[in-house]
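In what follows, a structure is listed as structure tokens, so that the remarks can point back to it.
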Amino acid sequence: MHSRGGTTVGLVLAAAAMAAPFVLRFAEIPALKAWHGGFSGELAVTKPVDPLDFAQRVRPVLERRCFDCHGAEKQKGGLDLERFTSEAGAVGEVKIWESVRQQVTLHVMPPEGEEAPDAAERKLVADWIDARVFSPVDGRPDPGAVVLRRLNRVEYVNTMRDLLGVDFHPREPLPADDSGYGFDNIGSALTLSPLLLEKYLALADEVLDQALEPPAPRVSLRRIAPGEWQGGQRVKEPFCFVPKAGVVRAPLSVAVEGDYDLRLDAYGHQAGDEPVKISVKAGCGDPVEFDVPGTSEAHSPVALRVHLAAEAHEVVVTFRNDFDDPEAEDPLRRERNLIVGGVEIEGPFAPVLPPPPESHGRIFGSAPRDCGDAEVARRVLRSFAGRAWRRPAREVEVEKLLGLCDFTSAGQRLADRVRPGLEAALISPAFLFRVEEGGTPQADGLVALDDYALASRLSYFLWSTMPDQPLIHDAGYRKLGSTLPQQVRRMLADPRAEALTANFAGQWLQLRNLHKAPVDPALRASMQEESARFFRALVAGEMRVPELLTADFTWVDGRLAAHYGLPPVRGGGFERVSLRGTPRRGLLTQAGVLAITSHADRTSPTLRGKWVLENILGTPPPPAPQDVPPIERAELRDFHGTFRERLALHRSSPACASCHTAMDNLGFAFEHFDPSGRWRDTDGGLAIDASGRLLTGETFDGAGPLTTLLAQEKQDAFLEHFTRTLLTYALGRGLTHADQPAVQAIVREAAAGGWKFEDVVLAIARSVPFRLKRAE
């Protein structure tokens, strides 16, 4: 707009441009009449077209680029975009537009050979989908459905460890959890079967056996049979003959230290002027001497009380007064002998019990002793249930637990009285599930999680276990929202953050499957540790998220250094080494990743390319059509050439070409690495061709150039996919289109901080789906 005629003209035309269509008659506006030089005609001014108008802007692009294959006539893949004639009829088909956005922005569609949209057209379609399809209804955010999440088996064992302070390893492992969206902490997949509930009942009993002081042992009676004597000669059953001046012994062990009564059944062949004399020694005590006056017709047991430690012992009986008188008139008086039978052991009396474990103190240590057992039990159960359930226990709940306890039996210890209530707390849904009750209603109809639920979400996200005392403290004072940055930094520095490496990275990167790789077990362990240390460095802030692709360093031990052709490392452990001057960079060329994307006997460009599409770019290819046969072994055997050339035979099928072009082109970049990730120059004596081309047209030759290309041209796609994946893990549910605004907000916040892992976590913790829930 020219300034001629003053500002009036500009203001009038600006106002006109924002109004409904109308006609300006210049002659009726003096200022305009003077400005236009006396022109007396009419000037039509209309409202400009909405830049995201579906009918006038978006649909024409779809018509030019998509309708030939996805219109009313062909409908490839069952998709008809031509039926969407208005925005109102289009925006409800969220899944369709999610797929369209992915295919368009990542240049998967249209297929090679078809006229492709330019960058502006791709951006237009993506922007329309983001603004009109993914935008919240009435501008209100949607935190998604709250899914009642059962603790998975890792979370269950970790929570038992931190709740009770025991290194808990179930005698029988819990069954594997089902997975969804790539993770085993997805609420909709974590069902509770009757069989699993029975398992939880048994585990509650098992863990309390370990956590509480041992129950007071009952006095019991057991017997050493005559056949267990060693050193004697068997005579008339059930007795054993002791040789002249001989010794017999039998094993004896007790589980609890204490006093025990031993009763030895013995008699003698009496001869001479005195009865048979013996000494009995049990455990570490001194021998005790006894007369054995009885005979085979009339005998009584020899009894003694001994103190035995809780270990293996022996009972030793020594015949002390052997005697012979061959000239005696009575044949029965010519020889003195000892015959022993069984031994009865009764006890323990006055048992000596080991001190209670530290875990016992966690449960009972703070309970006062200046009131009756019932009141002490009430306080113990209130404290224990509050920690187990990750929020304060209500009095009505405490009374129900207390009602299970036994205060009628005399002589019971407090731990035995309270144990039924403790077991009930451990099989309650409030323990086995992450129940998020209450919250603060918001003006937009949503509910903000209370601080206890927020603390629980944060701890299971970062630690795969229950909140610790600092989190519960801030939750109790309702200040977790303000201390969130400090808490996130503290938690990421805590050893329990190792759960992110084991459970998030292990599943996202599929490194949990490394145990299946046909590699030497020692080398496989080194591969696993390299990737673990690499991701730990990200969590610890030693690298940033984009460096997962580009880092020119890694961690190796001597075994892995030799495998990579690197200089030997000092000592026997792992150390950080530079990869400069080598063909390796970041995650994509780590041996563990290369091994899990190979077959036992050969590499697989398809698997490796698919891994990059799924785990790095977030664009998994569709499953192969059911009627497409696999690569025939006979076909490969008869073909003499590189595997790349053999794979081209399979890709020549039109049904395979569209997906395999995307996968194989990426996978060929890694062909210089054999199935174990070792560098090679040839494959079967033939030179390797590691060149390829992205669907967007960029070319590369080898893994290094591909990594650089992905970091430069696809970094935004990688960072958004990383964010979506971490958010899925944090929420325990699959994401929907309603989560896209939150994803974009997290990406913006993380980018502003330079993509430190801490920033991504903090942005997730502050996000709408993490902090809010739908009203019940």
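The values are calculated or read from the model by the stated rules, or taken from the named source; none is laboratory data. Quick caveat: nothing in here was measured; it's all calculated off a predicted structure. The area values use the complete protein model at the heavy-atom level, side chains included, leaving out ligands, DNA and RNA. Shrake-Rupley method; radii C 1.70, N 1.55, O 1.52, S 1.80 Å.
Points worth noting:
- Helices in the chain, meaning DSSP H runs of at least 4 residues, each add -39500 (n - 2.57). Divided by all residues, the mean residue ellipticity at 222 nm is -11000 deg cm²/dmol.
- Accessible-area order (highest first, 1.4 angstrom probe) of the listed residues 242, 146, 577: 146, 577, 242
- Part-to-part distance (alpha-carbon centres) for the stretch 160-233 and the stretch 87-154, which is given in Å: 48 Å
- For the stretch 735-773 versus the stretch 549-621, the gap between their alpha-carbon centres in whole angstrom: 29 Å
- When each of 244/281; 516/610; 95/714; 516/714; 74/714 is checked by Cα-Cα distance, pairs over 20 Å: 95/714; 516/714; 74/714
- Under 28 Å from residue 479, Cα to Cα: lysines that are on another chain or at least 8 residues apart: 756, 773
- What separates the Cα centres of the stretch 48-63 and the stretch 450-520 is a distance of 45 Å.
- Computed with a 1.4 Å probe on the full set of protein chains, the accessible area for residue 607 sits at about 60 Å².
- Summarising the strand pairing of the chain, around 100 percent of its internal DSSP beta bridges are antiparallel.
- Prolate is the label for the chain, because a/c, from the alpha-carbon gyration tensor with a ≥ b ≥ c as root eigenvalues, is 1.5 or above and a/b exceeds b/c.
- Three-way shape call for the stretch 264-304 based on the alpha-carbon gyration tensor, with the a/c threshold at 1.5: oblate
- Taking all protein chains together and rolling a 1.4 Å probe, residue 729 ends up with roughly 10 Å² accessible.
- The value of relative contact order for the stretch 109-230, using C-alpha pairs under 8 Å at least six residues apart, is 20 percent.
- Under 14 Å from residue 76, Cα to Cα: aspartates and glutamates that are on another chain or at least 8 residues apart: 68
- Take residue 550: with every protein chain present and a 1.4 Å probe, its accessible area is about 60 Å².
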